[in-house]
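First up is the structure itself, then whatever we jot down about it.
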Amino acid sequence: MELTEEEIIQILRLIDGSDFNELHLEMGDLKLTVMKGGHGGSVQQRDRSELANQLNKATVQADTETAVKEKVQEEKAEAQGRHAGDVSIVEEEGLIPIKAPMIGMFYRKSEPDAPPYVDIGSFVEEDTTVCLLEVMKVFNAVRAGVRGYIRKVCAESSELVEYGQTLFLVEPEGNGIKEGE
Amino acid sequence: MSCISQVMVANRGEIAVRVIKACQDLGIKAVAAVSEADRDSLAARMADRVICIGPARASDSYLNMGAIISAAVGTRSDAVHPGYGFLAEQPELAEACADYGIKFIGPRPENMREMGNKVWARKVVKSLGISVIPGSEKVTNLSARKN
């Protein structure tokens, strides 16, 4: 089963103009996953590569409208940080940042007396909740999007974090460092 | 009337530049709420503080009311200036600002509702005894539209 470039672009436009954030399509041996923005950095990265693989599989070149847009965004993100303060935390070598998928108030605990979702040394998996971001009284759980150990907490609880701000730094599993070291 | 010491500008480009300059001329601090694509824009460079409200796509940043309110509350801004376009004519933003104790620099929500719809606006103006330029009334069927 193959999709043409035109069909892929049409699917991207449909999801772009719809209220849905995600599309999973399975046709025979073809699996296509399309997601809109609003996920953690590393999750997005994984989805992008997955999408790119699927596009290639469907004999479509990766330079579709969306891919080009994402590339522009990535380049701009690289150039960011002059005013951004916390956002421009120099990422330590080998550590993967968990970035804020939206602007909001940052909370490390589900309630004041509860323990924090994660602390330095905690092991996280892709779907582990690491914190909450509150936007207009709605609390959004942020997932790690990566497997490994929390090495640094980069934001203060009850403070505003902006979109793209680094919240945690994670040592990916398999780097030879174990919990608590 | 309480004093405004900091305004958050929820727009980009020339609009944001003009509002920021006007604020600073009046001795008011300006916060630029920017999308990721505008972090290094002229408006961002001019502002006293920059806050990134979302990715480049406008629907996720300049049109994202939750992000704008969060940014205004989080930066402790006294007022939000929406510029024009984007959410400037959305009564819901003005109402949300009021709910969070932030001034909305623009018309009252009820005025936006009355004037935003042209047919309704003509009705309101006529009801006040003000003459309006003759024009189409609300089209109720297809044949009327063809005429």
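Of note:
- Strands (runs of 3 or more DSSP E) contained entirely in the range A:89-161, each with at least 3 residues that are surrounded by 14 or more Cβ atoms within 10 Å (Cβ to Cβ): A:96-99, A:104-107, A:129-135, A:138-143, A:148-153
- Put simply, of B:E36, B:E95 the only residue that is out of contact with any Leu (no Cβ under 6 Å at 6 or more places or on another chain), under 18 Å from A:Q165 (Cα atoms) and open to solvent by 10 Å² or more (accessible area, probe 1.4 Å) is B:E36.
- Taking the range B:23-123 as the region of interest, the strands (runs of 3 or more DSSP E) fully inside it that hold 2 or more residues being within 13 Å of the chain's Cα centre (by Cα) and at negative phi are B:79-81.
- Pair list, Cβ < 6 Å and 6+ apart or interchain, from the range B:47-70 residues that are within 7 Å of another protein chain (Cβ to nearest Cβ) and open to solvent by 10 Å² or more (accessible area, probe 1.4 Å) to residues that are in a helix (DSSP H, G or I) and not small (G, A, S): B:P55/B:E36; B:A56/A:Q73; B:A56/B:E36
- Qualifying residue in the range B:72-92 (condition: within 8 Å of chain A (Cβ to nearest Cβ) and free of Cβ contacts under 8 Å to residues at least 24 places away in the same chain): yes
The values are calculated or read from the model by the stated rules, or taken from the named source; none is laboratory data. This structure is a prediction, so every number in the text was calculated from the model and none was measured. Here the Cβ is made from the backbone with ideal geometry for all residues, glycine too, and neighbour counts use every protein chain on show. Side chains are part of the model used for accessible areas, which takes the heavy atoms of the whole protein and leaves out ligands, DNA and RNA. Shrake-Rupley method; radii C 1.70, N 1.55, O 1.52, S 1.80 Å.
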